[in-house]
Amino acid sequence: MNLARKLMTREGFMTLFILSVGGLGGLILGIPIIGFVLSPLIKPPPSVWRDVGAVDNFKIGKTVAVVYDYDQGPVQAWSGSTQKTKAWLRRNGPSSFTAFAAYCTHLGCPVLWLQDPKIFLCPCHGSVFYGDGSVAGGPAPRGLFTYPLRIRNGRVEIQAVKQPVVT
Ligand code: FES
């Protein structure tokens, strides 16, 4: 019996159907597993220095949002706000700054800065961070991440990788 005739039988059709469904299921499960196994080989995107403003634009003791383009490539006409991301920048002294990631260390929601109580607040599950970024309360397992920072030619630069969009 040739293959075409064999497949025309109920038993042949069921065998082919089960193999197809099993193969598809294996493929669906296998791709993430292969991705997980190979993930250590994938390089993270490079960090680059990003200009966030002149030193004199920031007041000592204040924390403000700094918005910058996250991609160093050409800006597309349709990029809009997707081209922007932000960090929180605190000026500690004449030449001392701290740049905080704008994302909660619990599940990544953008945190808000409240000037009067001088805290970062995460609106998603209520984590609270002190002005220095350390955890004050809530489910966040650690303080806010900070970026390497430098001052060059009177301008503040932070070193950050690509991030989700926050405007
Ligand atoms: S994401 Fe911020 S508390 Fe959960």
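The values are calculated or read from the model by the stated rules, or taken from the named source; none is laboratory data. These numbers were taken from a predicted model, which means no experiment stands behind them. Positions of Cβ are backbone-derived with ideal geometry, glycine not excepted, and every protein chain shown enters the neighbour counts.
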**Prompt:** Would a scan of the stretch 98-105 turn up a residue that is in a strand (DSSP E or B) and at pLDDT below 95?
**Reply:** yes
Residues of the stretch 131-167 being in a strand (DSSP E or B), crowded, with 16+ Cβ neighbours inside 10 Å and out of contact with any Phe, Trp or Tyr (no Cβ under 7 Å at 6 or more places or on another chain), in sequence order, are Y147
Residue hits (the stretch 1-59; within 30 Å of R91 (Cβ to Cβ), in a helix (DSSP H, G or I) and not aliphatic (A, V, I, L, M)) are D56, N57
Going through the stretch 108-125 in order, the residues found to be part of a loop (DSSP other than H, G, I, E, B) and either out of contact with any Pro (no Cβ under 7 Å at 6 or more places or on another chain) or surrounded by 14 or more Cβ atoms within 10 Å (Cβ to Cβ) (or both) are G108, C109, V111, Q115, D116, P117, K118, C122, P123, C124
Notebook entry, point to check: Does L144 qualify as being within 22 Å of N57 (Cα to Cα), touching a residue at least 40 places away in the same chain (Cβ under 8 Å) and within 21 Å of the chain's Cα centre (by Cα)?
Noted result: no
**Prompt:** Out of all the residues in the stretch 6-22, is one or more among the β-branched types (V, I, T), loosely packed, with under 10 Cβ neighbours inside 10 Å and not assigned by TED's automatic domain parsing to the domain that holds A87?
**Reply:** no
Being touching a Phe, Trp or Tyr at 6+ places or on another chain (Cβ under 6 Å), free of Cβ contacts under 8 Å to residues at least 40 places away in the same chain, of a type in the set (A, V, I, L, M) and surrounded by 13 or more Cβ atoms within 10 Å (Cβ to Cβ): is that true of V128 here?
no
Note on the stretch 85-129: residues within 14 Å of the ligand (Cβ to nearest atom) and small (G, A, S) are A101, A102, G108, G126, S127
Selection from the stretch 130-158 of residues of a type in the set (A, V, I, L, M) and within 16 Å of the ligand (Cβ to nearest atom) yields V135, A136, A140, L144
